[in-house]
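Enquirer: Structure in structure tokens, see below.
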Amino acid sequence: MRRFDYYAPGSLSEALSILQERGNGCRLLAGGTDLLVQMREAGLHASCLVSLRRLAELRSIDFDEGTGLRIGAGTDMATIEAHPVVHERYRALFEAASLIGSVQTRNMATIGGNICNAAPSADSAPPLIALDAVAEIESPGGRRELAVGDLFTGPGATALGPNEILVALRLPVPPPHAGSVYQRHTPRQEMDIAVVGVGVALTLRPDGQIIQEVRVGLGAVAPTPIRAREAEDALRGQSPSEELFARAAELAVAASRPISDVRGSAAFRQELVRVMTRRCLGIALERARAS
Ligand SMILES: Cc1cc2nc3c(=O)[nH]c(=O)nc-3n(C[C@H](O)[C@H](O)[C@H](O)COP(=O)(O)OP(=O)(O)OC[C@H]3O[C@@H](n4cnc5c(N)ncnc54)[C@H](O)[C@@H]3O)c2cc1C
């Protein structure tokens with residue numbers, strides 16, 4: 001590794017000032033499970049690292065029945081996985097957090113790092129998109145918000161400017177009769193990255209017969225995590241059935257633009273989108289009925 005300057009600010013404002021002063025070449029360091037690997041093995045050079053680990057304001061999970069869930073960007077996956085509200089009411093996010101890497105990885109890997117690293121396969125992205133998460137972003141000029149689905153601009157690229165820090169992710173309170181799920185396919189059971197990941201959040205009308213709202217997030221099938229909007233449109237206002245879910249799954253396939261690589265061909269990925277979207281819609285429906 002090449003030499004770099006290291007800062008460990010004790011407050012968000014201090015971190016923002018360092019970013020502004022040092023300019024390009026400065027990188028934020030959260031858990032380091034992506035960044036340090038890229039610096040050691042992928043030739044990434046940063047002239048300075050600004051650690052976020054001492055920023056207590058980035059490491060919190062709060063839930064309020066009015067405003068919903070707010071997860072600090074520096075919260076690690078193990079903490080998210082262990083949170084009872086995440087487990088009970090944001091099941092898709094729980095499922096993603098609990099399958100990322102190993103126990104050791106989850107103790108270090110943060111949700112902000114997973115999003116800002118912007119891998120098309122990032123496991124937290126499809127559930128956050130499905131659960132309608134909003135990113136809170138801070139810069140020396142103030143705070144702005146962006147839907148998580150709009151944050152990704154390309155493989156490894158986000159809409160964040162060089163002086164911006166992702167501070168938190170906010171998820172609305174799931175309405176009654178709502179269910180969500182995240183599943184991924186990997187060649188190995190653990191310690192592998194998604195060949196395809198599917199996150200679904202589905203809400204039924206109070207009579208339990210009609211789909212009121214649904215969101216479908218897909219990972220590893222395009223240059224960024226994506227939302228299958230045509231599939232959602234086909235489902236909204238309809239009575240759930242096998243045929244409807246099969247039609248929506250075809251629309252999700254049409255929305256995906258997968259590549260062929262060592263983990264699988266484009267055709268294999270499309271078949272996975274077809275099968276997994278149907279399966280996830282079925283699971284989300286069951287959960288919505290049981291809630
Ligand atoms: C063994 C192993 C297994 C893994 N398994 C998985 C897996 O199953 N699924 C998966 O999705 N990923 C996996 N990963 C990748 C990685 O662990 C995750 O993406 C993790 O969540 C990254 O978080 P981090 O805190 O370590 O980020 P870091 O490595 O610290 O940072 C990643 C990037 O995000 C930027 N960044 C971090 N925080 C912020 C912020 N608050 N604001 C702005 N920019 C920020 C950094 O500057 C850097 O560019 C694995 C990695 C390893 C080493």
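Just so it is clear, none of the values below were taken in a lab; they were calculated from the coordinates. This structure is a prediction, so every number in the text was calculated from the model and none was measured. Counting neighbours? That spans all protein chains shown, and the Cβs are built from the backbone with ideal geometry, glycine included.
Enquirer: In nm, to one decimal, how far is the A290 label point from the L244 one, both placed 7 Å along Cα→Cβ?
Expert: For the pair A290/L244, the computed spacing is 2.1 nm.
Enquirer: To make sure I understand, if each residue's beta carbon is the centre and we count other beta carbons within 10 Å, what order do C48, C116, C26, C280 fall in, fewest to most?
Expert: Exposure proxy ranking, most exposed first: C48, C26, C116, C280.
Enquirer: Another one. Calculate, in nm to one decimal, what R54 and Q209 gain on full extension: separation in residues at 0.36 nm each, minus their alpha carbon distance.
Expert: Roughly 50.9 nm would be gained on extension.
Enquirer: Given N residues in the range 5-50, what is Rg(Cα) / (2.2 N^0.38 Å)?
Expert: Normalised Cα radius of gyration, the range 5-50: 1.15.
Enquirer: Would you mind checking which residues have amide H under 5 Å from A119's amide H? H placed 1.01 Å from N; only 5 or more apart, or other chain.
Expert: Amide H to amide H, under 5 Å and 5 or more residues apart or across chains, A119 pairs with G156.
Enquirer: Next question, about the same structure. Tell me, what is the percent relative contact order of the chain, built from C-alpha pairs under 8 Å that lie six or more residues apart?
Expert: 16 percent
Enquirer: Compute the Rg/Rh shape ratio of the range 1-117: radius of gyration over Kirkwood radius, all on alpha-carbon atoms.
Expert: Reported Rg/Rh, Kirkwood definition of Rh: 1.01.
Enquirer: Ordered by residue, what ³J(HN,Hα) values in Hz, to whole numbers, does the range 182-193 give under the Karplus form 6.51 cos²θ - 1.76 cosθ + 1.60, where θ = phi - 60° and Gly and Pro are x?
Expert: Once rounded to whole Hz, the list reads 10, 9, 9, 10, 9, x, 9, 5, 9, 6, 9, 9.
Enquirer: In addition: Compute the label zone of A82 within the range 104-124: residues whose backbone N is under 18 Å from the point 7 Å along Cα-to-Cβ.
Expert: Correct set: 104-112.
Enquirer: Running Debye on the range 178-290 with equal point scatterers at the Cα sites and no solvent, what base-10 log of I(q)/I(0) appears at q = 0.11, 0.12 Å⁻¹?
Expert: Computed log10 I(q)/I(0) values: -0.32, -0.38.
Enquirer: Rank-order 55-63, 75-83 by packing density, defined as the average count of other C-beta atoms within 10 Å over each peptide's residues, highest first.
Expert: Going from most to least packed, we get 75-83, 55-63.
Enquirer: How far, in nm, would the chain grow between R229 and R144 when pulled straight, counting 0.36 nm per residue and subtracting the alpha carbon separation?
Expert: Between R229 and R144, full extension yields an extra 28.1 nm.
Enquirer: Let me ask you something else. Quick one: if you stick a label point 7 Å off each Cα along the C-beta vector at V103 and A266, how many nm between them?
Expert: Result: 4.2 nm between the two label points.
Enquirer: For E14 and A159, what does the FRET efficiency come to when R0 = 35 Å and r is the distance between their Cβ atoms, rounded to the nearest 0.05?
Expert: Plugging the Cβ-Cβ distance into 1/(1 + (r/R0)^6) gives 0.90.
Enquirer: When the Kirkwood radius is taken over all Cα pairs of the chain, what Stokes-Einstein diffusion coefficient follows at 10 °C and 1.306 mPa s, in µm²/s?
Expert: 82 µm²/s
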